[in-house]
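Asker: Mind having a look at this structure? Questions to follow.
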Amino acid sequence: MSLTSLFILGLVLSLDNARLAIALGAFKLSWLRAVRIAVVFGLWDGFSPLVGLLIGRYFGGEIGEVANLLGPIVLLVFGLYLVVRSLQTEAPEDLDERWVLFGIPLSLSLDNLLAGTGLGMLGFPPVVTAAVFGTMTVLTTFVGLQLGGVVARFIPVRPDLLSGMGLSIMAVVLVLGY
């Protein structure tokens, strides 16, 4: 596998973050806050392959099934929570930082854990893999956040409802394997 292939894999694995970032971008984040969120998402997606390389040899098969189910379940539960909460309350003015910086990127980085496991078995260097995956995620997440902010300026929508629907749809998409 070449470095070009690694960049392509990093881009593909970061697309789930970009799709979700579009929904989060509806909160009309400042440029600095969008960068911070993108960097945190990138750190999670960069750290995950390192963890996968370390534990993949021992638990690779078992982690695969858990990761394929746990990530979408976490996204779906939080997405449905946001949808229900948005229907019962006034529109929030800000994001729930704990979920945005911890829960969401953790559940989205499980695919990178598995990719890191596979790439480690192929002999790819862990640091290069982590750096490429993290960098691609930072870039795609930032673009998604900005795109979501632009769309929200032209189409008035409750950001919590949009984010909840986006998370729920993303969970279904992940389960279906797209």
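Asker: Pairs please, first residue from segment 16-34 and closer than 14 Å to M165 by Cα, second anywhere and among the aromatic types (F, W, Y), Cβ atoms under 8 Å, 6+ apart in sequence or on different chains.
Answerer: Close Cβ pairs satisfying both conditions: A21/F41; A21/F142.
Asker: While we're looking at this one, here's another question. Look at A115 and say whether it is crowded, with 16+ Cβ neighbours inside 10 Å, at pLDDT 80 or above and over 20 Å from S168 (Cβ atoms).
Answerer: no
Asker: Another question, if that's okay. Before we move on, is G52 over 17 Å from L162 (Cα atoms) and at pLDDT below 80?
Answerer: Answer is yes for this residue.
The values are calculated or read from the model by the stated rules, or taken from the named source; none is laboratory data. From a predicted model like this one, the values you see are computed outputs, not experimental measurements. In this analysis, Cβ positions are derived from the backbone assuming ideal geometry, glycine residues included, and neighbour counts consider all displayed protein chains.
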